[in-house]
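Asker: I am attaching a structure below and will ask some questions about it afterwards.
The values are calculated or read from the model by the stated rules, or taken from the named source; none is laboratory data. Since we're looking at a predicted model, the values are computed, not measured. Here the Cβ positions follow ideal geometry from the backbone for every residue, glycine too, while neighbour counts run over all protein chains shown. When the accessible area is computed, the model is the full protein with side chains, heavy atoms only, and any ligands, DNA or RNA have been set aside. Shrake-Rupley method; radii C 1.70, N 1.55, O 1.52, S 1.80 Å.
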Amino acid sequence: MRLLIDNVSKKFKDKWAIKYFSAELTEGVYALLGPNGAGKTTLMRMLADISMPSTGRILLNDKDISLMGDDYRDILGYLPQEFGLYKNFTAVRFLMYFASLKGLDKKFAIDKVEEVLDLVNLTKDRKRKIGTFSGGMKRRLGIAQALLNDPKILIVDEPTAGLDPQERIRFRNLLSEIAGDRIVFLSTHIVSDIEYIAKEVLLLKQGELIQRSTLGNLLEQVKGKVWSVNVTQAVLPEIQRQFKIGNIQRNESGIECRIVHDEKPVENAVAVHATLEDVYLYFFDKGAIKDV
Amino acid sequence: MYRHELFKVFTRKNIYIVFFLVVLTMVYIDKNYISQTETMEEDEYVELFEERGAPVTTMKNGVYEKLFDEWGGPVTEDKISLATEKMQKIDEKLVEGTPSLTPEEKAAHNVHFIVANAGQHEISLQERKESLQSKIDDVDDQSYAYKEAEKELSMLEQLDDTHGFYLIRAWRGMFDLIEPFMSVILLSTLILLGLTPVFAEEHSQRTLGLILATKHGKGKLVTAKIMASLTYIGVVFSSLHLVNFFLHWLSYGGLQGWNAPIQSLPISTSFNTLYELSPFAWDVWQYYAITLSIQFLACVALAFLVLLISMLVKNVMFAFFISGAVIGAPFMFRILSLDQGIFKYINSFSYLEFMKVDNLFQEFIAYNVFGYPVLYPLILLFIFVILTALIVFFTYNRFRQQQVNE
Ligand SMILES: Nc1ncnc2c1ncn2[C@@H]1O[C@H](COP(=O)(O)OP(=O)(O)OP(=O)(O)O)[C@@H](O)[C@H]1O
Ligand SMILES: [Mg+2]
């Protein structure tokens, strides 16, 4: 299976949300990494066939997805970043409804619904009205919905936002389990989400693909550029102004700063091991969200 | 899918509240207006009579049945002169302010009025036929005017013995919920309430993105939504008309008059008729079936319009007001005396007239279609079939093209 994104752009008025984006995806988990407003959601909507590219085309096994239409969406699972649910539906009714939208046979759907409810740990809330669900439960139900038709292409836009650490781990494991024979395309700000599961990372900045490589390769690129230094409160503002700062942590001997910089930033800085977070910082000039 | 769409439509609480209020209004009006004259004081009765002709009374106590034996059926010369004579007597009595009329006398007075009136209508009908005949004789037989007159005349010739006294009171009200214009208001309120959210709410609830990304989310879903909407309309329409039917049946104590000619159908508030020159040779029950069928078709046509607006406008409130404006426009135009030229056509071929039905069959109205006279109701139906087909096509088309970008 080969999903080819060919010179795709999306233009709103005179603003390019996505600019000539090209990539080829095969089975595996792809992580789309980029700061707010980079265009992640815009790109994913076009992949989910709910938004038309302004230029370019998207091909699945050499067939244009806009021509495939229903057949493309038949093998698609999509979780939007923001979505609503029917408040007076129960979880089961909601999933049965989506099963029918996805063209699942009713008998089959009944079992499938129980299966996905179990996957997202909502079995005991299956008969509750969605209106009484918490934010995290709603997102899990959204994930369940995306999985109903065993999608060959799974597009999930910040799937873990609002999930507690336990559920986040659960989801991460779920993804790595199912990714074997499908394309999973996921966007996130939370680097730990993808740390162990992403086959490749795509870095998106202001609508343009700036890097596409494996995690190892990205780490390699920032190797030797991550430093730790102990500073006093007094010089901290100056440091922050001059360098890209990661974590700042207070300890007995002052304030420990993590700096990402091509050369040794200050005298007493020591090189430290790079993480994906440092990669994010290095490319996007802005701190990644530290979470989990 | 259909089942769940139905669930969405039928779990909106406000439709039940409004439906209940509508039924309540119907019962209230029924109770207050129908039995009005039974308990009326003499001077009130006279006032009402002078204002509107023979006023509404029920047939419950058998008074009218007895009168029907004597006066019922098509009018004859004898009946007319006798009725006129008796009316004059009672009128004199009323003018002198002498003792009040018993309910029996009131009823008799009404019947005399109806019979005399029917005689007038019979004369109008004959005059109409004669004037049509003379037109036919005068104008060129290739002209449109000739064809039109000929068509009307041939329709009028089909009528026989249409004017007279029939026990028909229970029937007038059955055609409308309270009153023709009111039935439009009540039905369209319920249709708008139930259907404006169908597409708009997917947008406002932010579920559209989820739906559109599914296999059937761009095509079959529209069908499911349409089917659910039509089911809703079917339920609303038939339950309101059933309530109305039984209300009238009970209030008037019978369904007599089902086989009377429609030319003797009274208007809602009195024994006067608007159908005296109607060229349609139908019995009341046939006309009832036709009226309800047309009104139902109108509701269906309106439903498709509302669904399209709901999809385009993406906001329940706006969709409600825009749809309401489309329905109400002809009414407003007429108030503003915009009923000439293009407006005349807009007003005549409107959802309002389509749903109201009663203007379609009261008299002979034909339009020149490539030189041939075609009846107004037929053209109206034709136009709405075409229009609705376009709307349906457009709805499917636009829904498929929809994008989620925000
Ligand atoms: N409907 C729209 N009209 C105009 N501009 C838009 C529209 N949708 C998105 N944009 C712009 O396109 C850019 C990309 O937005 P997008 O939502 O794709 O970013 P994102 O990477 O998903 O951000 P986030 O991390 O906050 O979710 C932003 O600058 C945004 O303002
Ligand atoms: Mg986004």
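Asker: For chain B, set up a GNM with springs between Cα atoms under 10 Å and report which of B:Val357, B:Val23, B:Val139 has the largest fluctuation.
Answerer: With Cα springs under 10 Å in chain B, the top fluctuation among B:Val357, B:Val23, B:Val139 is at B:Val139.
Asker: Now for a separate question. Once you have the alpha carbon radius of gyration of region A:93-195, what is it after dividing by 2.2 N^0.38 Å, with N set to its residue count?
Answerer: Values: Rg = 13.4 Å, N = 103, 2.2 N^0.38 = 12.8 Å.
In units of the globular-protein estimate, region A:93-195 measures up at 1.05.
Asker: Let me ask something else about it. From largest accessible area down, sort B:Trp171, A:Trp16; use a 1.4 Å probe on the protein chains. Can you show the working numbers first?
Answerer: Values: B:Trp171 15, A:Trp16 75 Å².
Ranked list, largest accessible area first: A:Trp16, B:Trp171.
Asker: Here's something else I'd like to know. For the protein assembly as shown, give the magnitude of the charge dipole about the Cα centre (Cβ charges: +1 Lys/Arg, -1 Asp/Glu; no others), in debye to the nearest 20. Intermediate results must be reported in sequence, preceding the final value.
Answerer: Values: 73 positive and 84 negative charges, 964 e Å.
It works out to roughly 4620 debye.
Asker: Around B:Asp137, what is the net charge, scoring Lys/Arg as +1 and Asp/Glu as -1 over all other residues with Cβ under 12 Å from its Cβ?
Answerer: Working: positive: B:Lys135; negative: B:Glu130, B:Asp138, B:Asp140, B:Asp141, B:Glu150.
Counting the neighbours of B:Asp137, the net charge comes to -4.
Asker: Ranking request for peptides A:205-213, B:181-189: highest mean number of other beta-carbon atoms within 10 Å first, then the rest in descending order. Spell out each step's value before the answer.
Answerer: Working: A:205-213: 16.3, B:181-189: 20.8.
In decreasing order of mean packing, A:205-213, B:181-189 become B:181-189, A:205-213.
Asker: Can you give the mean number of other chain Cβ atoms that lie within 10 Å of the Cβ atoms in peptide A:50-61?
Answerer: 2
Asker: So if the hydrodynamic radius of region A:1-55 is defined as the Kirkwood radius over C-alpha pairs, what does Stokes-Einstein give as its diffusion coefficient at 10 °C and 1.306 mPa s, in µm² per second? Mind showing how you got there, number by number?
Answerer: Working: Rh = 11.8 Å.
Result for D is 135 µm²/s.
Asker: What is the spread of the Cα atoms of region B:351-406 along each of their three principal axes, largest first, in whole Å?
Answerer: Answer, in whole Å and largest first: 54, 27, 12 Å.
Asker: Under a 1.4 Å probe, what is the accessible area of the protein assembly as shown per residue, stated in Å²? Mind dumping the intermediate values first?
Answerer: Values: 31740 Å² over 698 residues.
For the protein assembly as shown, the solvent-accessible area averages 45 Å² per residue.
Asker: Just how much of B:Tyr144 is accessible, in Å², when a 1.4 Å probe is used and the result is rounded to the nearest 10?
Answerer: 50 Å²
Asker: Now for a different question. In region A:107-150, which trypsin sites (Lys or Arg not before Pro) are in a loop and have at most 10 other Cβ atoms within 10 Å, using DSSP for the loop call? Mind dumping the intermediate values first?
Answerer: Numbers: sites: A:Lys107, A:Lys112, A:Lys124, A:Arg126, A:Lys127, A:Arg128, A:Lys129, A:Lys138, A:Arg139, A:Arg140; in loops: A:Arg126, A:Lys127, A:Arg128.
Answer in residue order: A:Lys127.
Asker: Another one. Count, for each residue of B:350-358, the Cβ atoms from other chains sitting within 10 Å of its Cβ, then give me the mean as a whole number.
Answerer: Neighbouring Cβ atoms belonging to other protein chains average 0 per residue here.
Asker: When the solvent-accessible surface of protein heavy atoms is calculated with a 1.4 angstrom probe, in what order do A:Glu263, B:Glu70, B:Glu276 fall, highest first? If you can, show how the numbers build up before the last one.
Answerer: On the way: A:Glu263 125, B:Glu70 105, B:Glu276 50 Å².
Final ranking, largest accessible area leading: A:Glu263, B:Glu70, B:Glu276.
Asker: Carbon-plus-sulfur fraction of the accessible area of chain B, 1.4 Å probe, in percent? Please report the intermediate quantities before stating the final value.
Answerer: Working: 11650 of 18650 Å².
In chain B, the share of accessible area belonging to carbon and sulfur is 62 percent.
Asker: So how tilted is helix A:91-101 from the main axis of chain A? Cα-based, degrees 0 to 90, rounded to 10.
Answerer: Once rounded, one gets 70 degrees.
Asker: What's the Kirkwood radius of region A:3-219 in Å, using all Cα pairs? Numbers along the way, then the final one.
Answerer: Working: mean 1/r = 0.0564 Å⁻¹.
The answer is 17.7 Å.
Asker: Based on Cβ point charges of +1 for Lys and Arg and -1 for Asp and Glu, what charge dipole magnitude is obtained for region B:2-405 about its Cα centre, in debye rounded to the nearest 20?
Answerer: Numbers: 31 positive and 44 negative charges, 752 e Å.
Here the size comes out at about 3620 debye.
Asker: Here is a follow-up. Could you tell me, in Å, what Rg and Dmax come out for the Cα atoms of region B:2-405?
Answerer: 24.8, 83
Asker: Shielding of A:84-92 by partners, i.e. mean partner chain Cβ atoms within 10 Å per residue?
Answerer: Working: counts 10, 4, 8, 2, 5, 4, 0, 0, 0.
That works out to 4 on average.
Asker: Taking a probe of 1.4 angstrom, what is the accessible area of B:Phe10 in Å², to the nearest 10?
Answerer: Rounded to the nearest 10, the figure is 60 Å².
Asker: Okay, moving on. Excluding residues on the same chain fewer than 8 positions from B:Lys66, give the lysines whose Cα lies under 30 Å from its Cα.
Answerer: Filter leaves B:Lys31, B:Lys79, B:Lys86, B:Lys89, B:Lys93, B:Lys106.
Asker: Next question, about the same structure. In chain A, what % of DSSP beta bridges are antiparallel (nearest 5)? Mind showing how you got there, number by number?
Answerer: Working: 34 of 53 bridges.
For chain A, the DSSP antiparallel bridge percentage is about 65.
Asker: Here's a follow-up. Quick check on the protein assembly as shown: helices-only [θ] at 222 nm, where DSSP H runs of length 4 and up contribute -39,500 (n - 2.57) each and the sum goes over total residues. Nearest 500, please.
Answerer: Working: 27 runs with 373 residues, N = 698.
Helix-only estimate at 222 nm: -17000 deg cm²/dmol.
Asker: Also, I was wondering about something else. Enter the accessible area of B:Met317 (Å², nearest 10), with the probe set to 1.4 Å and all protein chains included.
Answerer: My reading of the accessible area for B:Met317 is about 120 Å².
Asker: Per residue Cα convex hull volume for region A:130-254, in cubic angstrom?
Answerer: Values: hull volume 23.2 nm³, N = 125.
Per residue, the Cα convex hull of region A:130-254 comes to 185 Å³.
Asker: To check my understanding: the extent here is largest minus smallest coordinate of the Cα atoms along each principal axis. What are those three numbers for region B:116-179, in Å, largest first?
Answerer: Rounded to whole Å, the extents work out to 46, 28, 17 Å.
Asker: Could you order B:Trp258, A:Trp227 so the one with the most accessible surface comes first? Probe is 1.4 Å. Could you put the intermediate results ahead of the total?
Answerer: Values: B:Trp258 125, A:Trp227 30 Å².
Sorted descending by solvent-accessible area, the residues read B:Trp258, A:Trp227.
Asker: Please give me, ordered by residue number, the chymotrypsin sites (Phe, Trp or Tyr not before Pro) of region B:327-406 that lie in loop per DSSP and have at most 13 other Cβ atoms within 10 Å. Before the final figure, lay out each step's value.
Answerer: Details: sites: B:Phe331, B:Phe333, B:Phe343, B:Tyr345, B:Phe349, B:Tyr351, B:Phe354, B:Phe361, B:Phe364, B:Tyr367, B:Phe370, B:Phe382, B:Phe384, B:Phe393, B:Phe394, B:Tyr396, B:Phe399; in loops: B:Phe349, B:Phe361, B:Phe364, B:Phe370.
Of the chymotrypsin sites (Phe, Trp or Tyr not before Pro), the ones in loops of region B:327-406 whose Cβ has at most 13 other Cβ atoms within 10 Å are B:Phe370.
Asker: Let me ask something additional. Over the Cα atoms of region A:223-283, what Rg and Dmax result, in angstrom?
Answerer: Here Rg and the maximum Cα pair distance are 10.7, 31 Å.
Asker: Measuring from the lowest to the highest alpha carbon on each principal axis, how far does the protein assembly as shown reach, largest first, in angstroms?
Answerer: Here the Cα extents, ordered largest to smallest, are 125, 59, 53 Å.
Asker: With a 1.4 Å probe on protein heavy atoms only, work out how much accessible surface B and A bury together, total over both chains, in Å² to the nearest 100.
Answerer: Numbers: alone 20040 and 14470 Å², together 31740 Å².
It comes to approximately 2800 Å² buried between B and A.
Asker: Amide H of A:Gln211 versus every other amide H placed in the peptide plane: which residues, excluding those fewer than 5 positions away on the same chain, fall under 5 Å?
Answerer: A:Leu203
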